[in-house]
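Q: Below you'll find the structure I mean.
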Amino acid sequence: MIELYLLLTYIFAYIGLFLVSFYILTYLSVKESSVSVASDKSVSIIIPAYNEAPCIQQTIRSALELNYPRERFEVIVVDDGSRDATHKLASAVKSPYLRVFTKKNGGKGSALNYGIARARGEIVVTMDADTFVDNMSLQRMIARFHHENVMSVTSAMGVYKPRTLWQRIQHIEYYLSLFLRSVYARANAIFITPGAFSAYRKSFFERYGGFDTNTITEDLEVALRIQYHNYTIEHAPQATFYTIAPASFKALFIQRRRWYTGMISNLIRYRELFSIRRGVLGSVILPAAVLSILFSIVLIAFSLIRTAGQIRNELLSLNAIDFQFYDSLEFNRYVIGQFFYSFFSNPMYLFLLFFIVLIGFYLAYARNKMRFKESLSFNFVLFIACYSLLFAFWWCVASVYTLFNRKVGWGRKVHG
């Protein structure tokens with residue numbers, strides 16, 4: 001058992017070091033296209049909304065305040081059969097550049113397709129109803145449509161005013177993804193276009209159909225479809241936006257269960273992308289993503305079993321010498337302390353120091369691109385302490401749901 005655990009640990013570390021080297025070399029060897037702005041294309045921003053009364057007006061105003069020529073700009077809100085005052089509040093915002101529609105509930109993909117069918121712009125931008133954007137973001141994204149083969153452009157995402165423990169962990173996660181997406185863009189290997197704020201050529205949907213209404217991760221599916229048809233997805237790291245992240249463990253669990261289950265089903269659907277003929281995406285990025293998931297699940301499972309075994313043996317030893325804890329609080333404190341000591345002192349975490357330094361570099365990159373000034377120290381500690389366990393847990397759940405073909409929905413909201 002121990003020998004297998006050590007073998008897996010070193011294999012995982014080797015893969016991690018290989019990917020880190022690959023990412024850094026890719027970042028350094030491929031020059032990022034100049035950060036410019038452009039406003040030469042007509043744009044339609046589509047905001048699908050379901051039961052978004054608390055934030056819909058703020059989101060609409062954020063979209064309307066984008067710095068873009070008014071004659072080539074419009075905002076479309078699609079109320080997807082909300083049961084609250086979403087439609088009423090959206091309609092109360094007065095602007096000649098805003099159009100508000102309502103339709104029978106059909107899900108986020110359906111609402112987006114409804115908006116695309118009515119969009120006048122050459123470029124359509126999907127924007128979640130709980131998203132707030134920097135006013136120069138749109139021009140920075142449009143500048144990346146520098147070639148007809150570019151079908152989509154992603155932006156830089158952050159968490160809006162993180163307060164809870166779960167939001168603080170996501171705060172670091174989102175900033176880290178900025179560097180990786182920049183590297184993927186250099187290799188044309190982006191495989192997710194975040195639904196919260198991404199831009200697409202309308203012609204792609206006219207040619208290959210709209211968002212898939214049968215998947216629970218329409219933003220992942222459309223990105224894989226773009227790659228499948230050999231088009232390019234660009235990234236604008238200085239086009240920043242912030243989204244309201246799930247605040248509770250339950251809400252985060254529902255979101256990640258949907259994300260990861262949807263990712264498994266869509267990777268199976270587009271399995272032809274796993275090929276050296278697909279360049280870096282098919283030969284490195286997608287295989288590495290799958291291997292990282294598998295090794296994370298296995299290593300965390302081994303670590304937990306090993307840690308539980310060590311604690312059990314220590315408790316048996318204490319019992320053998322008739323050691324008595326003062327009360328249940330002292331006992332629980334001992335068990336928790338031993339768990340964290342044993343878990344984080346195993347060989348896998350010898351590599352943690354290196355990756356902490358690496359994560360620090362990623363955060364420095366994000367700070368430079370997104371120009372944020374807030375302190376991240378506390379959030380960073382929470383991320384290091386909790387994320388690996390959460391990551392493995394989410395993927396275990398998604399794997400079980402996929403294996404047993406269990407239905408996964410959006411939770412209490414149809415989309416968000």
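Q: Can you send over the carbon and sulfur percentage of the accessible area for segment 174-267, probe radius 1.4 Å, protein chains only?
A: Answer for segment 174-267: carbon and sulfur cover 53 percent of the accessible area.
Q: Something else about it: Would you mind getting the accessible area per residue of segment 23-74, heavy atoms of the protein chains only, 1.4 Å probe, in Å²?
A: On a per-residue basis, segment 23-74 sits at 47 Å².
Q: Something else about it: Above 27 Å lies some portion of the pair distances; for the chain, what is it as a whole percent of all C-alpha pairs?
A: Value for the chain (Cα pairs over 27 Å): 55 percent.
Q: Which of Val183, Ile244, Ile285 sits farthest toward the positive end of the charge dipole of segment 180-285, with +1 on the Cβ of Lys and Arg and -1 on the Cβ of Asp and Glu?
A: Ile285
Q: Roughly how many nanometres apart are two label points built 7 Å out from the Cα toward the Cβ at His147 and Arg61?
A: Label at His147, label at Arg61, 4.2 nm between them.
Q: Moving on. Accessible surface of Val133 in the full protein assembly, 1.4 angstrom probe, to the nearest 10 Å²?
A: Val133 exposes around 20 Å² with every protein chain in place.
Q: Counting Lys +1, Arg +1, Asp -1, Glu -1, what net charge surrounds Ile56 among other residues with beta carbon under 9 Å of its beta carbon?
A: Result for the neighbourhood of Ile56: -3.
Q: Rounded to the nearest Å, what's the spacing between the alpha carbon centres of segment 393-411 and segment 136-166? Just the number, please.
A: 29 Å
Q: Here is a follow-up. Take the residue pairs Lys104/Lys202; Lys41/Lys202; Lys104/Lys250; Lys31/Lys373; Lys250/Lys407 and return only those whose Cα atoms are more than 21 Å apart.
A: Distance filter (> 21 Å) returns Lys104/Lys202; Lys104/Lys250; Lys31/Lys373.
Q: Under DSSP H, which helices of the chain have Cα atoms covering 20 Å or more of the helix axis and a Kyte-Doolittle average no less than 0.0?
A: Membrane-span-like by this rule: 2-29, 286-320, 328-344, 352-370, 377-403.
Q: Less than 9 Å Cβ to Cβ from Ile116, Lys/Arg counted +1 and Asp/Glu -1: what total charge do the surrounding residues give?
A: +1
Q: Next up: Sorted by mean Cβ packing within 10 Å, highest first, what order do the peptides 367-377, 49-59, 263-273, 13-23 take?
A: Highest-to-lowest ranking by the protection proxy: 49-59, 263-273, 13-23, 367-377.
Q: If I build a Gaussian network model for the chain, linking alpha-carbon pairs within less than 10 angstrom, which residue out of Val78, Val43, Val100 has the largest mean-square fluctuation?
A: Val100
The values are calculated or read from the model by the stated rules, or taken from the named source; none is laboratory data. Keep in mind it's a predicted model, so treat the numbers as computed, not measured. Cβ coordinates were reconstructed from backbone atoms using ideal geometry, including for glycine residues, and neighbour counts include every protein chain displayed. In case anyone asks, the SASA skips ligands and DNA or RNA and just uses the protein heavy atoms, side chains included. Shrake-Rupley method; radii C 1.70, N 1.55, O 1.52, S 1.80 Å.
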